[in-house]
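Scroll down for the structure; my scribbles are underneath it.
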């Protein structure tokens, strides 16, 4: 018997969540919990409900239930089928570590369930092919939550391109920086391991590749890249052990480390901005007590700096730069076409910039034979400049789900796979020194 698609009594979609990450809690679980004074605002509880949580860390599940004063059934990774049969979800939300996504995607599709998956959809093209194959034989579908599409400035640029303001797109210039606060966070966590994250070109930069694929309405064709590990790992440029010729332990490295000194608050600790905060819960399985990860560890081998060129099927190209240790965080993006150019700069964290910065993000349009135009955009309230709220409205309200999608905001599994393919092609090109064809990675 197939699972019911809604709760007949309340007309709600029933969701099981695989991976109780901080992102899962803030983006999906709390907004779908019934408000009782402690369990979040429940902004979307009228249209959906959480019926199960699955995570490798059972203590984390128990702590979440206790803190939120709820009693959601908890399951381990080997209990996926049991979870489906006992709680009968209509859809599965996949929000665990990136390397865990593919297994839950495939298994949910085998149960003919729809899946909402955090980006990146998977961490390599072999996993992507498995997901696409499972979807072809399933009554379920995959939706990838590429929230960058929902940001107001990006929607403005998409409309300009779609409406022909630039003519035929010729090339893209995209520089993305993560500052010394945020950039380090990836090297404290599981993201530092390619077999768990795909490396930074996937676990992080898949945001950027999907954004450009979507803005251009184009398909990436070939990638050539250079990359290196410059700032982190045992040979990191600022590693106190290297500079002083002394094998310091982690505590002493921190005390002497300019990254730590830059963000240290007297009387407190510099904490990973992805793990700290009000939604922090035990991570004892993933990060066992007594274990210690630091940004100069010997086992870090993924790159932290990239320069690349991406060619698209239309003939357009993109020059792309990613730096995981910069003085300021944000991006500079320009898109050129036969009729003109649009350009914009985004400061992700103006309060962390070492210079005056704004949270405004105007779009400058320069027609090839006309006067410059500056188009202001809105900064909407909520996380990721309001894009998360818009995405939830699209996912969890009847009005959003039924609304037309003229800009193509809703990312499919195929689009999720293409973004991952650019990331994999990039690190493979770094390793081989040769261009990598996207079709060869995806067999299509």
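Can you list the helices (runs of 4 or more DSSP H) lying wholly within the range 154-212 that have 3 or more residues being assigned by TED's automatic domain parsing to the domain that holds residue 368, in contact with a helix residue (DSSP H, G or I) (Cβ under 6 Å, 6 or more places away or on another chain) and under 24 Å from residue 144 (Cα atoms)?
Helices (runs of 4 or more DSSP H) meeting the threshold: 200-203.
Show the residue pairs that are 6+ apart or on different chains and have beta-carbon atoms under 8 Å apart, the first residue being within the range 389-400 and closer than 12 Å to residue 47 by Cα, the second being at pLDDT below 90 and in a helix (DSSP H, G or I).
Sorted first by the residue in the range 389-400, then by its partner, the pairs are 393/399; 393/400; 394/400; 394/401; 395/401.
Identify, please: which residue in the range 411-444 is part of a loop (DSSP other than H, G, I, E, B) and touching a helix residue (DSSP H, G or I) at 6+ places or on another chain (Cβ under 8 Å) and is, among those, modelled with the lowest pLDDT?
Across the range 411-444, the extreme among qualifying residues is 443.
Which residue out of 379, 372 is farther than 30 Å from residue 128 by Cβ and modelled with pLDDT under 90?
So the residue among 379, 372 that is farther than 30 Å from residue 128 by Cβ and modelled with pLDDT under 90 is 379.
Among the residues of the range 342-352, which ones are assigned to a loop (DSSP other than H, G, I, E, B) and at pLDDT 95 or above?
Correct list: empty.
When only residues in the range 95-116 that are in contact with a helix residue (DSSP H, G or I) (Cβ under 7 Å, 6 or more places away or on another chain) and within 19 Å of residue 12 (Cα to Cα) count, which is surrounded by the fewest Cβ atoms within 10 Å (Cβ to Cβ)?
For the range 95-116, the residue satisfying everything is 116.
Against the condition under 17 Å from residue 213 (Cα atoms), at pLDDT 95 or above and under 20 Å from the mean Cα position of the chain (by Cα), how does residue 144 come out, does it pass?
So residue 144 passes the test.
Restricting to the range 97-135, give me the number of residues that are assigned to a helix (DSSP H, G or I), in contact with a strand residue (DSSP E or B) (Cβ under 6 Å, 6 or more places away or on another chain) and closer than 20 Å to residue 425 by Cβ.
Residues flagged as assigned to a helix (DSSP H, G or I), in contact with a strand residue (DSSP E or B) (Cβ under 6 Å, 6 or more places away or on another chain) and closer than 20 Å to residue 425 by Cβ within the range 97-135 amount to 1.
Please state which one of 337, 330 is surrounded by 19 or more Cβ atoms within 10 Å (Cβ to Cβ) and touching a helix residue (DSSP H, G or I) at 6+ places or on another chain (Cβ under 8 Å).
It is 337.
Any residue that is assigned to a helix (DSSP H, G or I), modelled with pLDDT of 90 or more and in contact with a strand residue (DSSP E or B) (Cβ under 7 Å, 6 or more places away or on another chain) - is there at least one of those in the range 47-56?
Among the residues of the range 47-56, not one is assigned to a helix (DSSP H, G or I), modelled with pLDDT of 90 or more and in contact with a strand residue (DSSP E or B) (Cβ under 7 Å, 6 or more places away or on another chain), which makes the answer no.
Residues to consider are 296, 320, 312; find the one that is within 21 Å of the chain's Cα centre (by Cα), surrounded by 19 or more Cβ atoms within 10 Å (Cβ to Cβ) and at pLDDT 95 or above.
Answer to the selection: 320.
Considering only the range 358-375, how many residues are part of a loop (DSSP other than H, G, I, E, B) and in contact with a strand residue (DSSP E or B) (Cβ under 8 Å, 6 or more places away or on another chain)?
7
Pick out the one residue from 408, 386 that is touching a residue at least 12 places away in the same chain (Cβ under 8 Å), surrounded by fewer than 19 Cβ atoms within 10 Å (Cβ to Cβ), assigned to a loop (DSSP other than H, G, I, E, B) and not assigned by TED's automatic domain parsing to the domain that holds residue 135.
On inspection, the qualifying residue turns out to be 408.
Which of the residues spanning the range 15-46 are at pLDDT 95 or above and in a loop (DSSP other than H, G, I, E, B)?
Listed by number, the residues that qualify are 19, 20.
Residues in the range 163-171: is at least one over 20 Å from the mean Cα position of the chain (by Cα) and surrounded by 20 or more Cβ atoms within 10 Å (Cβ to Cβ)?
Yes - at least one qualifying residue is present in the range 163-171.
Assess whether residue 249 counts as being over 23 Å from residue 354 (Cα atoms) and modelled with pLDDT of 90 or more.
yes
The values are calculated or read from the model by the stated rules, or taken from the named source; none is laboratory data. In this text, all values refer to a predicted model and were calculated from it rather than measured experimentally. Cβ coordinates were reconstructed from backbone atoms using ideal geometry, including for glycine residues, and neighbour counts include every protein chain displayed.
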